[in-house]
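Have a look at the structure below before the remarks.
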Amino acid sequence: MSNLTTSAGVAAGLIAFAVQRGADRAALMARAGLHPADLENPDARLAFGTYVALMRGAQDLCGDPALALHFGEAVDLAEVSIVGLIMNASATMGEAFAQMQRFGRLTLETEGLSDGPRFVLTVRDGQLWMVDTRADPDAFPELSEGAFARLVCGPRRFLPEPHVLEVQFSHPEPAWRAEYDRIFQCPVSFSSGWNAMRLDPRIATWPVALQPRYVFGVLTRRADDLLQELDDQKTVRGRVEAVLLPLLHTGEVGAEAVARALGFSRQTLFRKLKAEDVTYEQVLDALRHRMALRYLTGARASVNETAYLVGFSEAAAFSRAFKRWTGKSPREVQPARVAAPGDLPPSG
């Protein structure tokens, strides 16, 4: 498993959109274990699993299974990511596509792209297609849905004529098929062999230039710095945390299983962590500490719920660990709220 991430700006944009459509902000952030401080810097990185949890939570809280389509339709990439700003400052659609290829990882990272960018152009039967090449797309089809909706609806606001002529998805046709037709305004098919959009062959020369050229240079220099920071953050510790995060509540957090998920032996994992001056136990303990604080202070979870979410089978054991981490009881760090049934009494 790779240490995939998304930008905090994208996550914040999704939260704001979902709140506009009726979701409760606190409840949605709780679904993803997010704290307000996580979203203060739009260029900060969050685990990719956080974005998946946000999308699924937003769909549920808004009662809208087509939320990814609606998010892509309504929110321009420039509102949530420097990548969108760079694309808007590009001279032509061809240059905008090249910049999306160059900086796309700053928006979000996806599985299976070690050999190249996520979106590629190809010609099939004389027709030009843009293909989403991420691995296992049907496990989270919302990612292709949202990206395609954004790539269609954003340029539609300034291009003189349609630039996307056909859309194909690999996942089966959903019950909300009519929304695809309304948003894409072109033939849409499902259960295809790929996720792809057929483009007008003239598209590369069509002008964009929504921002001055000076802005393009400033933004690309900043984006280059962010890419370097992203590459520098690919530590073994970070990769271990990415594997552990969705497993904490199960208690199945043994080093052997984590090493296997990373493609290491147990001994190799320990050696690599030692080179980063940390042990496996320290990584696990620190992750539990950090997530417990998020759940208690920002997510409005009860003490017993938090104990479960970070992998403690007994609330008393969690309280002892929390006291060791912070010098306080779990109750002491919670914001004022109505006590939940089953919460622990204050410990001394």
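The values are calculated or read from the model by the stated rules, or taken from the named source; none is laboratory data. Every value quoted in this text rests on a predicted model; they were computed, and no experiment measured them. Quick reminder, even Gly has a Cβ in these numbers, built from the backbone with ideal geometry, and neighbours come from all protein chains shown. We work out accessible area using only protein heavy atoms, side chains counted, and drop any ligands, DNA or RNA first. Shrake-Rupley method; radii C 1.70, N 1.55, O 1.52, S 1.80 Å.
For the stretch 40-90, the solvent-accessible area of protein heavy atoms averages 33 Å² per residue (probe radius 1.4 Å; ligands and nucleic acids excluded). Per-residue ellipticity at 222 nm, computed for the chain from helices alone with -39500 (n - 2.57) per DSSP H run of at least four residues, works out to -15000 deg cm²/dmol.
Put the Cα centre of the stretch 261-336 next to the Cα centre of the stretch 152-187 and the gap is 44 Å. When GluC sites (Glu not before Pro) are flagged only if DSSP places them in a loop and at most 11 other Cβ atoms lie within 10 Å, the longest unflagged stretch of the chain comes out as 41-251.
Packing order of peptides 148-154, 24-30, highest average first: 148-154, 24-30 (average count of other Cβ atoms within 10 Å over each peptide's residues).
Note on E79 and Q20: the extension gain reaches 19.7 nm, defined as 0.36 nm multiplied by sequence separation minus the Cα-Cα distance. Couplings for the stretch 241-246, taken from phi via the Karplus curve 6.51 cos²θ - 1.76 cosθ + 1.60 with θ = phi - 60°, read 4, 5, 6, 5, 3, x Hz in order; Gly and Pro are left as x. What the stretch 182-341 shows is 54 Å² of accessible area per residue, with the surface traced by a 1.4 Å probe over protein heavy atoms.
Expressed as a whole percent, the accessible surface of the chain that belongs to carbon and sulfur atoms is 53, based on a 1.4 Å probe.
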